[in-house]
Amino acid sequence: MDGVLLVHKPAGMTSHDVVNRIRKIFHTKKVGHCGTLDPEATGVLVLCIGKATKALQFLMSETKEYQATLVLGQATDTYDASGQVVAQKPFQGVSHVDAVLQSFVGSQEQLPPMYSAIKVNGKKLYEYARNHEKVEVQPRSIVIHHIELLDQHDQFITFRVQCSKGTYIRSLCVDIGKKLGYPAHMQKLIRLASGHFRLENCFSLEDIEQGHYHMLSLEEAFQHFEHYVVEDAQIVYHGKKIKSDIDHQVVVCNQEGQVLAVYGPDGTGYLKSIRGLF
């Protein structure tokens, strides 16, 4: 089994739990995911299986889309509903919600949650947090491309956001709460899209176990990437360079449209092989 599988991750499982489940279903250890989802989050989890694991690094999409619900009036140490309450404030109403949301559009620095898998000095932040150890956390550069208010009922605000890879929606919920004058945390998160892979094309684990799924070929998975067609595929099989003034990565295919490799510029007027996918 070689290909890309789009899974609708359920709540209560880590991304690695899903990978292990798929390994058992397909009887292979060659399964990897293209971007972690928090255990309580649901939605798009892109998995590469078999030979397609060679493509993992190229399918880590730069843009993600989420639907999130935040709760005003209560903050937690994990920034989500699974954590311990660390601050409270009675909810007394809120205004200008949409204007506050729109103020987050654009490039900015974001402080990630302490309960995250980011490593500092070789140790994950959540390990420091669980041991009550202090560590300096550096903000990260992110981009909010688009944000839209979907619903606001009492202290619950639901919004859709399109953002860069590496954005923590939990942190965004906390920051939105601060601008509205309340401690806050994320109650619910659904990943609607990872790059061109969307939730409506995903399959549940139950569907997959029953054989009701479609695995994408590399040709389908890379259909939105720029393609470069070679006349002689042996050039790619032997890892030879291709003379070209293209200054970015391309997917190299043979005359029949079969994906062979990903190439990128070498800085001297040639494209060099970054990874063979055959």
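The values are calculated or read from the model by the stated rules, or taken from the named source; none is laboratory data. Since we're looking at a predicted model, the values are computed, not measured. Here the Cβ is made from the backbone with ideal geometry for all residues, glycine too, and neighbour counts use every protein chain on show. Protein only, heavy atoms only, side chains kept; ligands, DNA and RNA dropped before computing areas. Shrake-Rupley method; radii C 1.70, N 1.55, O 1.52, S 1.80 Å.
The set of residues in region 115-157 being assigned to a helix (DSSP H, G or I) and free of Cβ contacts under 8 Å to residues at least 12 places away in the same chain consists of Glu127, Arg130. Within region 215-268, restricting attention to residues that are among the hydroxyl-bearing types (Ser, Thr, Tyr) and open to solvent by 50 Å² or more (accessible area, probe 1.4 Å), which residue is farthest from Cys34 (Cα to Cα)? Filtering region 215-268 for residues that are among the hydroxyl-bearing types (Ser, Thr, Tyr) and open to solvent by 50 Å² or more (accessible area, probe 1.4 Å), the one farthest from Cys34 (Cα to Cα) comes out as Thr268. Scanning region 207-245 for residues being out of contact with any strand residue (DSSP E or B) (no Cβ under 6 Å at 6 or more places or on another chain) and not hydrophobic (A, V, I, L, M, F, W, C) gives a total of 16.
Applying the condition of being open to solvent by 30 Å² or more (accessible area, probe 1.4 Å) and more than 25 Å from Gly50 (Cβ to Cβ) to region 269-278 and asking which residue is nearest to the chain's Cα centre (by Cα) yields Lys272.
Residues are listed down the side, and each one gets a yes or a no for (1) of a type in the set (D, E, K, R); (2) more than 17 Å from Gly3 (Cβ to Cβ):
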site: Leu199; (1), (2): no, yes
site: His214; (1), (2): no, no
site: Glu220; (1), (2): yes, no
site: His248; (1), (2): no, yes
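What residue, among those in region 80-90 that are farther than 14 Å from Gly181 by Cα and open to solvent by less than 60 Å² (accessible area, probe 1.4 Å), is nearest to the chain's Cα centre (by Cα)? Taking the candidates together, the pick is Asp80.
On the given criteria, is Leu205 within 30 Å of Lys24 (Cα to Cα), in contact with a helix residue (DSSP H, G or I) (Cβ under 7 Å, 6 or more places away or on another chain) and modelled with pLDDT of 95 or more? It is true that Leu205 is within 30 Å of Lys24 (Cα to Cα), in contact with a helix residue (DSSP H, G or I) (Cβ under 7 Å, 6 or more places away or on another chain) and modelled with pLDDT of 95 or more. Look at (1) of a type outside the set (Phe, Trp, Tyr); (2) touching a residue at least 12 places away in the same chain (Cβ under 8 Å); (3) surrounded by fewer than 20 Cβ atoms within 10 Å (Cβ to Cβ) and you find that Gly93 fails only one, number (2). Taken together, the residues in region 14-71 that are touching an Asp or Glu at 6+ places or on another chain (Cβ under 9 Å), of a type outside the set (Lys, Arg) and open to solvent by 40 Å² or more (accessible area, probe 1.4 Å) amount to 5.
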